[in-house]
1. Please enumerate, by chain and number, the aspartates and glutamates with C-alpha under 15 Å from the C-alpha of LYS274, excluding those fewer than 8 residues away in the same chain.
2. Calculate one ³J(HN,Hα) per residue across region 290-296 by plugging θ = phi - 60° into the Karplus curve 6.51 cos²θ - 1.76 cosθ + 1.60, and present them in order as whole Hz with x for glycine and proline.
3. Using the 10 angstrom Cβ neighbour count as an exposure proxy, how do SER245, SER192, SER81 rank, fewest first?
4. Which residue fluctuates the most in the chain, going by a Gaussian network model with Cα springs under 10 Å, if the choices are VAL332, VAL216, VAL198?
5. Report the Cα centroid-to-centroid distance between region 98-169 and region 1-47 in angstrom, as an integer.
6. Which number do you get for Rg(Cα) / (2.2 N^0.38 Å) in the chain?
7. 7 Å from Cα along Cα→Cβ at both GLN373 and GLN16: what's the point-to-point distance in nm?
8. Return the FRET efficiency for the residue pair HIS2, GLN141: r is the Cβ-Cβ distance, R0 is 45 Å, and the value is rounded to the nearest 0.05.
Amino acid sequence: MHLSEILTHLGEEREQYFQAVAPPVIQTSNFVFPTLQAFREAFTDELSHHVYTRGNNPTVAMLRAKLAALEGAEDCLVFSSGVAAVAAAVIANVNQGDHVVCVQAPYSWTKILLTTFLPRFGVSHTFVDGRDMTEIERAIQPNTKVLYLESPNSLTFDIQDLDACAQLARSHKLVTIIDNSYASPLFQQPISHGIDLVVHSGTKYLNGHSDVVVGVVCGSKAMIKRIFDLEYMCLGGILSPHDASLVIRGLRTLELRMQRSDASAMQIATHLEKHPKIERVLHPLLPSFPQYELARKQMKGAGGLFSVYLKADNIEKVEAFIGRLRHFLMAVSWGGHESLALPMAGFYSIPGRPDSSQPWNLVRFYIGLEDPQWLIEDLEQALEVL
Ligand SMILES: *Cc1c(COP(=O)(O)O)cnc(C)c1O
């Protein structure tokens with residue numbers, strides 16, 4: 001299906017709401033039944049009937065249809081956060097005594113799910129360098145059930161070979177899950193590489209306006225139904241109809257926003273790579289990136305994120321640089337309209353923060369929708385303090 005068809009029309013049954021262009025927010029918890037027979041029938045399948053909004057809601061269903069189509073998946077569920085989506089996808093595929101192989105340095109709360117939460121229920125894990133297929137294969141045990149990927153990750157952009165991972169997992173009967181938040185479905189479609197479940201923090205590009213926290217799981221009808229029947233209905237981390245309508249609105253401009261962020265980030269990263277105060281730039285689609293060829297093979301673009309190592313003698317210099325930025329806001333997250341700077345120096349002295357192991361001269365930038373030249377001028381004047 002054409003991207004424009006998905007973003008403009010798919011799932012929008014306008015004849016049901018007065019031919020309105022903007023879909024209504026069906027802000028209801030409950031749905032009524034005209035007959036006992038209809039009531040009984042609805043309870044046989046809450047995923048496709050309207051019974052109660054924890055299970056199914058028309059505004060939320062419209063969003064699900066669009067997201068599934070974007071990923072080339074049969075079905076999709078949306079959650080109240082990316083973390084809720086990650087947790088549901090993993091928990092649905094493990095039992096007591098099982099083992100998960102996961103790439104090293106995944107999103108920080110994914111790491112905590114594996115290191116702190118799941119061990120309470122007898123589920124163990126091994127972290128591997130996902131750049132090395134031999135290391136992944138060596139970590140697989142007889143009780144391994146899940147191979148968890150994040151490609152690229154959102155700080156150093158390490159990449160896994162999706163075709164090779166899917167093939168390896170299939171030969172060991174593992175379920176593959178990938179966090180695809182970095183690339184978005186526009187730039188990478190893991191299901192076409194044979195990955196089973198695709199999760200997103202839709203908080204980032206999919207919503208794209210820094211005003212909703214939302215999670216997504218895409219996969220086959222059967223796998224999504226299994227997650228729906230237990231993790232979705234039982235843990236109840238659903239998205240509200242109002243938030244779903246905001247994400248539908250965000251999706252209208254997904255293609256434009258991704259193209260703009262991608263082009264601007266590439267322009268700025270290329271510029272910084274030549275700057276004497278920059279030690280190194282990490283961006284998966286710069287030829288200097290160690291996994292550049294693999295990135296080009298499986299990604300159509302890179303979006304707005306890149307990281308730099310500053311040539312700074314001490315942490316105070318990093319602080320001074322950050323303090324001088326005027327057009328970049330200092331914040332976590334990314335994927336909105338606004339450009340951001342995330343200095344690792346901010347986590348440096350906080351014990352237990354998973355990312356505190358990164359060097360203090362590493363700064364991650366997210367390039368939003370502003371004029372890239374205006375952002376470059378800001379970076380230039382701030383780099384003068386180094
Ligand atoms: C932000 C993020 C998450 C968590 O998503 P929330 O919507 O904040 O719960 C998961 N994975 C990645 C890669 C992220 O950037």
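1. Cross-link targets: GLU377, GLU380, GLU384.
2. After applying 6.51 cos²θ - 1.76 cosθ + 1.60, I find x, 10, 3, 4, 5, 4, 5 Hz.
3. SER192, SER81, SER245
4. Among VAL332, VAL216, VAL198, the largest GNM mean-square fluctuation belongs to VAL332.
5. Region 98-169 and region 1-47 have Cα centres separated by 37 Å.
6. In units of the 2.2 N^0.38 Å rule of thumb, it is 1.03.
7. 4.8
8. 0.55
Coordinate-derived values only; no laboratory data. Keep in mind that this is a model prediction, so the values were computed, not measured. Methodologically, a virtual Cβ is constructed for each residue, glycine included, from the backbone with ideal geometry; neighbour enumeration extends over all protein chains shown.
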